[in-house]
Amino acid sequence: MPLSGTRETESYKLWSLIRYANILEMEGKRDEALVLLQRVVAEGKKDPLIFERTTIEARKYLIENFISHKDIWYGAY
């Protein structure tokens, strides 16, 4: 019988892509970040019950730019 992960562990891959997209965006690479976020949304559609939260988060960043907590804290935003 194959091993399967829990709901949380199944979404780790997509969370990692979202966080990497955030890093790219902080480096000024919005176009590259958008590609990753679109990939997360596409993957999330394959199993919406498991990936609902990651899909919502990716769609949020597709609409608005990622804002670093440091930028908010130091008043740069």
Note down the accessible area of R39, probe 1.4 Å, to the nearest 10 Å². 120 Å²
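Quick one: net charge of L24's neighbours, Cβ under 12 Å, K/R +1, D/E -1?
So the surrounding residues net to -1.
At 1.4 Å probe size, put K46, K13 in order of accessible surface, largest to smallest. Please report the intermediate quantities before stating the final value.
Working: K46 150, K13 115 Å².
The most accessible residue leads, giving K46, K13.
The values are calculated or read from the model by the stated rules, or taken from the named source; none is laboratory data. Since this is a predicted model, take the numbers as computed values, not measurements. Positions of Cβ are backbone-derived with ideal geometry, glycine not excepted, and every protein chain shown enters the neighbour counts. To get the accessible areas, we keep the full protein, side chains included, count just its heavy atoms, and leave off ligands, DNA and RNA. Shrake-Rupley method; radii C 1.70, N 1.55, O 1.52, S 1.80 Å.
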